[in-house]
Amino acid sequence: MQVGAESNNPGEGPYNHRLYGDDVDLTAVRTFVTVADSGQFQEAAAVLAITQQAVSKRIAALEKELGVRLFTRTARGADLTVDGQAFLPHARELLLAEERAAASVRLGRRALRVDVIGARLAPAGLLRGFHEAHPDIALDVVTLFDVDSALTALRSGSIDASFRAVAMPGRPLPRGVGAARVYDEPIQLLTGPGHALAGLRSVSPGELAGHRIWIPGIVEGTEWAAYYASLAAEFGLVIDSSGPNFTGAVQNALAGSDTLATLVSEQTRLTWPAGHDLRRIPLRDPTPVYPHSLLWVTANPHPALATLRAHLAATQPPCTATPTWTPAWAVRGVFPARRP
């Protein structure tokens with residue numbers, strides 16, 4: 001194990017430069033701490049299940065590495081020298097650091113790392129529900145840009161799972177990556193109070209033809225761009241994706257327009273000033289739904305990944321009689337536990 005930086009404090013002992021400048025044998029450090037705690041080489045040998053000669057060799061090698069004597073032999077066993085007393089707390093810190101480093105990646109103790117796309121979107125709510133149901137499972141939540149970034153992170157092992165809409169035309173999932181549809185999120189119309197459709201209780205997707213639908217910030221090649229392109233083609237819509245998606249810009253524009261509208265997913269958390277009086281209008285006959293799927297590498301052994309999959313399978317909303325629409329390319333499968 002390479003121990004990082006040199007100390008800038010010359011008063012910490014003559015071993016300091018050697019310890020932090022060179023490789024240190026943590027086995028020898030552990031042997032030193034065991035001898036210091038037991039006070040005898042023979043007892044330390046019993047604790048470590050090695051010979052007393054091996055203990056002596058390790059201590060001698062460590063003393064040579066540090067350039068100081070750590071123990072003096074006495075009739076009672078072994079006493080720490082002044083340098084040994086100075087080194088002991090640092091030695092304990094080294095062993096603790098080693099244990100923490102190993103524990104951070106040890107199977108079952110490393111946090112489950114999950115990509116939720118965005119903190120205000122439905123996948124974040126799904127993962128929040130999982131955390132509430134399993135508060136003992138450590139989570140590390142990340143937000144990646146698109147499905148390509150998510151797949152790269154999954155296959156490299158930097159994340160354990162990702163919520164995505166897959167698989168876009170011509171972009172099949174790579175071998176070894178599993179996917180299961182976990183949540184169909186209804187899409188809604190968002191308008192200002194003066195819009196021609198603002199007073200309706202619901203609207204069919206076909207009724208949106210001829211209206212200006214503004215969704216700025218759609219990035220070509222992303223899964224949400226593929227979704228809205230399929231939606232527009234299916235129902236004859238024209239979606240304007242021009243302009244950057246600044247926070248609050250769409251809400252402000254809608255509030256002052258009687259012709260502009262946008263589409264938002266049902267669970268997306270949006271805020272706007274009370275005076276805007278924006279309207280969220282359900283889409284019906286059929287209801288377009290955004291198909292959230294969970295992706296994971298099938299060879300990933302993290303035990304909490306199986307728990308997450310089981311939780312999502314058990315908490316899927318019940319099917320309704322309301323007709324829905326989603327692109328033909330979206331993953332149709334569900335978890336094995338939900339199959340008839």
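Could we say that Thr298 is out of contact with any Pro (no Cβ under 8 Å at 6 or more places or on another chain), open to solvent by less than 30 Å² (accessible area, probe 1.4 Å) and either farther than 21 Å from Pro193 by Cα or of a type in the set (Phe, Trp, Tyr) (or both) here?
Numbers: out of contact with any Pro (no Cβ under 8 Å at 6 or more places or on another chain): yes; open to solvent by less than 30 Å² (accessible area, probe 1.4 Å): no; either farther than 21 Å from Pro193 by Cα or of a type in the set (Phe, Trp, Tyr) (or both): yes.
Considered against the rule, which asks whether it is out of contact with any Pro (no Cβ under 8 Å at 6 or more places or on another chain), open to solvent by less than 30 Å² (accessible area, probe 1.4 Å) and either farther than 21 Å from Pro193 by Cα or of a type in the set (Phe, Trp, Tyr) (or both), Thr298 comes out as no.
Given the criteria closer than 30 Å to Leu154 by Cα and either part of a strand (DSSP E or B) or open to solvent by 70 Å² or more (accessible area, probe 1.4 Å) (or both), does Val114 qualify? Walk me through it before giving the result.
Details: closer than 30 Å to Leu154 by Cα: yes; either part of a strand (DSSP E or B) or open to solvent by 70 Å² or more (accessible area, probe 1.4 Å) (or both): yes.
For Val114, the condition - closer than 30 Å to Leu154 by Cα and either part of a strand (DSSP E or B) or open to solvent by 70 Å² or more (accessible area, probe 1.4 Å) (or both) - is met.
For residues that are of a type in the set (D, E, K, R) and under 13 Å from Ala78 (Cα atoms), tally how many sit in segment 28-55.
Start the filter on segment 28-55 by keeping residues that are of a type in the set (D, E, K, R), which leaves 30, 37, 43.
This time we only want the ones that are under 13 Å from Ala78 (Cα atoms), so: 37, 43.
So the count comes out to 2.
Output the residue which, of all residues in segment 8-49 that are open to solvent by less than 40 Å² (accessible area, probe 1.4 Å) and among the small types (Gly, Ala, Ser), is modelled with the lowest pLDDT.
First, pick out the residues of segment 8-49 that are open to solvent by less than 40 Å² (accessible area, probe 1.4 Å): 13, 15-16, 19, 21, 24, 26, 28-29, 31-36, 38-39, 41, 44-45.
Narrowing further to those that are among the small types (Gly, Ala, Ser): 13, 21, 28, 36, 38-39, 44-45.
On the way: Gly13: 39, Gly21: 43, Ala28: 94, Ala36: 89, Ser38: 85, Gly39: 88, Ala44: 87, Ala45: 88.
Here the residue is Gly13.
Restricting to segment 187-213, name every residue that is surrounded by 18 or more Cβ atoms within 10 Å (Cβ to Cβ) and outside any loop (DSSP other than H, G, I, E, B).
Ile187, Gln188, Leu189, Leu190, Thr191, Val203, Pro205, Leu208, Ile213
Within segment 50-90, which residues are open to solvent by 60 Å² or more (accessible area, probe 1.4 Å) and part of a loop (DSSP other than H, G, I, E, B)?
Thr51, Arg69, Ala75, Arg76
Quick one: Leu88 ticks every box in (1) more than 23 Å from Thr315 (Cβ to Cβ); (2) of a type in the set (A, V, I, L, M); (3) without any contact (Cβ under 8 Å) to a residue 24 or more places away in the chain bar one, so which box is it?
Result: Leu88 passes all but (3).
Somewhere in segment 129-150, is a residue open to solvent by 30 Å² or more (accessible area, probe 1.4 Å), part of a loop (DSSP other than H, G, I, E, B), hydroxyl-bearing (Ser, Thr, Tyr) and free of Cβ contacts under 8 Å to residues at least 40 places away in the same chain?
Yes.
Which condition breaks for Pro123 when tested against (1) part of a helix (DSSP H, G or I); (2) at pLDDT 85 or above; (3) over 14 Å from Phe32 (Cβ atoms); (4) open to solvent by 50 Å² or more (accessible area, probe 1.4 Å)?
Of (1) part of a helix (DSSP H, G or I); (2) at pLDDT 85 or above; (3) over 14 Å from Phe32 (Cβ atoms); (4) open to solvent by 50 Å² or more (accessible area, probe 1.4 Å), only one is false for Pro123: (4).
Within segment 223-241, identify whether any single residue is in a loop (DSSP other than H, G, I, E, B), of a type in the set (A, V, I, L, M), touching a residue at least 60 places away in the same chain (Cβ under 8 Å) and within 25 Å of Ser162 (Cα to Cα), and answer yes or no. Give the derivation first.
Residues of segment 223-241 in a loop (DSSP other than H, G, I, E, B): 236-238, 241.
Cutting the leftovers down to of a type in the set (A, V, I, L, M) gives us 237-238.
Next, only the ones that are touching a residue at least 60 places away in the same chain (Cβ under 8 Å) stay: none.
Within segment 223-241, none of the residues are in a loop (DSSP other than H, G, I, E, B), of a type in the set (A, V, I, L, M), touching a residue at least 60 places away in the same chain (Cβ under 8 Å) and within 25 Å of Ser162 (Cα to Cα).
What residue, among those in segment 96-111 that are open to solvent by 80 Å² or more (accessible area, probe 1.4 Å) and within 20 Å of Pro301 (Cβ to Cβ), is modelled with the highest pLDDT? Can you show your working first?
Within segment 96-111, the first condition is being open to solvent by 80 Å² or more (accessible area, probe 1.4 Å), and the residues that meet it are 96, 99-100, 105-107, 109.
Right, trim to within 20 Å of Pro301 (Cβ to Cβ) and you get 105-107, 109.
Working: Val105: 68, Arg106: 67, Leu107: 58, Arg109: 71.
Step by step, filter segment 96-111, then rank; the result is Arg109.
What residue, among those in segment 156-186 that are charged (D, E, K, R) and not in a strand (DSSP E or B), is nearest to Ala119 (Cα to Cα)? Working first, answer last.
Of all residues in segment 156-186, those charged (D, E, K, R) come to 160, 164, 171, 175, 181, 184-185.
If we keep only those that are not in a strand (DSSP E or B) too, we end up with 160, 171, 175.
Working: Asp160: 18, Arg171: 26, Arg175: 29 Å.
My answer is Asp160.
Could you check segment 112-154 and list, in sequence order, the residues that are under 20 Å from Thr307 (Cα atoms) and among the basic types (Lys, Arg)? Before the answer, list the steps.
Looking only at segment 112-154, we keep the residues that are under 20 Å from Thr307 (Cα atoms), and these are 112-116, 122-142, 154.
If the condition is that a residue be under 20 Å from Thr307 (Cα atoms) and among the basic types (Lys, Arg), then Arg113, Arg128 are the ones that fit.
The values are calculated or read from the model by the stated rules, or taken from the named source; none is laboratory data. Here the structure is a predicted model, which is why all the values come from computation and not from measurement. So basically every Cβ, Gly included, is an ideal-geometry build from the backbone, and we count neighbours across all protein chains shown. What goes into the accessible areas is simple: the full protein's heavy atoms, side chains included, and nothing from ligands, DNA or RNA. Shrake-Rupley method; radii C 1.70, N 1.55, O 1.52, S 1.80 Å.
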